[in-house]
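Engineer: Below are the structure tokens for one structure; questions will follow.
The values are calculated or read from the model by the stated rules, or taken from the named source; none is laboratory data. Just so it is clear, the structure is predicted and the values come from calculations on it, not from any experiment. Cβ atoms come from the backbone with ideal geometry, glycine included; neighbour counts cover every protein chain shown. Ligands, DNA and RNA are excluded from the accessible area calculation, which covers all protein heavy atoms including side chains. Shrake-Rupley method; radii C 1.70, N 1.55, O 1.52, S 1.80 Å.
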Amino acid sequence: MELDVLSIVAHPDDTELTCGGTVIKMAEAGYRVGVLDLTAGESGSRGNAVLRDREAARASKVMGLAHRENLGLPDAGLENLREYKLKVAQKIRDLRPRTVILPYWEGRHPDHYTTGRIGYEACFLAGLAKQPLEGRPHRPHKIIYATQYVPSLRPTFVVDITAQFEKKLKAILCYASQFSPQKDMQNLFPSGRDLRERVGSLARHFGLMIGVRFGEPFVTREVAQVDDIVKMPVKSI
Ligand SMILES: [Zn+2]
């Protein structure tokens, strides 16, 4: 199994919320796209691991994923441990993705930013020959960070997901346990029209930055190399 793109996230639904449109767009373009969920989201206020697993399977179908699996690490208990990094590194060797999408390395939820760090270090370990890992070493060509959970951050680039927006919403709505109407103590779980409004206004906000209707934001650590300033994919709007 060799993937073109692998999204590594803390919880089922993180991919759909932060980079679902981009994942769908790449799958539609014919790339092999996969998702690695580190936890089953069993500590979430709503739903349970079995239910979320079923929801994730439905969302995978909507997004056109070639592969999805869950590592079963402890939800709300992710730590940057060598044991976890090696588990993720083994998956990177097995799946051999060219591009890896990680959650941004800072944020509100510790699982999200910890996944960003575990993922980064696992990509590094996967490329080292002398590690307790099976298979040939593999280092992804590129790591990009999805920053939708930190909307105040200025992205390095935005992907136009205008044509994929409805499918993204459909994939998010597969997680009925998270987004069905219920009374919550916090306003963390929008439902129905409210969800559409929230997802839509964020996507609209980032879309406006590049002059399209809907977009998803990403950051790269590295400065981009440009060889041809006529062909470079940057528009002035
Ligand atoms: Zn999450």
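Engineer: Can you give me the long-range amide H partners of VAL35? Hydrogens built in the peptide plane at 1.01 Å from N, cutoff under 5 Å, separation of 5 or more residues or another chain.
Structural biologist: Amide H to amide H, under 5 Å and 5 or more residues apart or across chains, VAL35 pairs with SER7, HIS67, ARG68, GLU69.
Engineer: Tell me, what ³J(HN,Hα) does each residue in segment 7-20 have, in order and in whole Hz, if you take phi through Karplus 6.51 cos²θ - 1.76 cosθ + 1.60 with θ = phi - 60° and put x for Gly and Pro?
Structural biologist: 9, 10, 9, 7, 10, x, 4, 5, 4, 4, 6, 9, 8, x
Engineer: Thinking of the chain as a set of Cα atoms, what percent of all their pairs are more than 33 Å apart?
Structural biologist: For the chain, the fraction of Cα-Cα distances above 33 Å is 14 percent.
Engineer: Show me the trypsin sites (Lys or Arg not before Pro) within segment 107-185 that DSSP assigns to loop and that have at most 11 other Cβ atoms within 10 Å of their Cβ.
Structural biologist: Passing sites in segment 107-185 are ARG108, LYS130, LYS183.
Engineer: Mind scanning LYS85/LYS167; LYS87/LYS231; LYS87/LYS142; LYS25/LYS130; LYS91/LYS168 and naming the pairs with a C-alpha gap bigger than 28 Å?
Structural biologist: In this structure, LYS85/LYS167; LYS87/LYS231; LYS25/LYS130 lie more than 28 Å apart at Cα.
Engineer: Show me, bin by bin at 10 Å from 0, the whole-percent P(r) of segment 33-92 based on Cα pairs.
Structural biologist: 21, 48, 30, 1
Engineer: Rounded to the nearest percent, how much of the accessible area of segment 31-79 (1.4 Å probe, protein heavy atoms only) is carbon and sulfur?
Structural biologist: Ligands and nucleic acids excluded, carbon and sulfur give 49 percent.
Engineer: Oh, and also: What percentage of the solvent-accessible surface of segment 104-168, computed with a 1.4 Å probe over protein heavy atoms, is contributed by carbon and sulfur atoms?
Structural biologist: After summing per-atom areas, the C and S share lands at 54 percent.
Engineer: So how far apart, in nm, are the two label points at ALA163 and LYS61 if each is 7 Å from Cα heading toward Cβ?
Structural biologist: If labels sit at ALA163 and LYS61, their model points lie 2.5 nm apart.
Engineer: A follow-up question, please. Determine the per residue accessible area of segment 58-196 with all protein chains present and a 1.4 angstrom probe, expressed in square angstrom.
Structural biologist: 52 Å²
Engineer: Also, quick follow-up: Using a Gaussian network model on the chain with a 10 Å cutoff between Cα atoms, which of GLY41, GLY77, GLY215 fluctuates the most?
Structural biologist: GLY77
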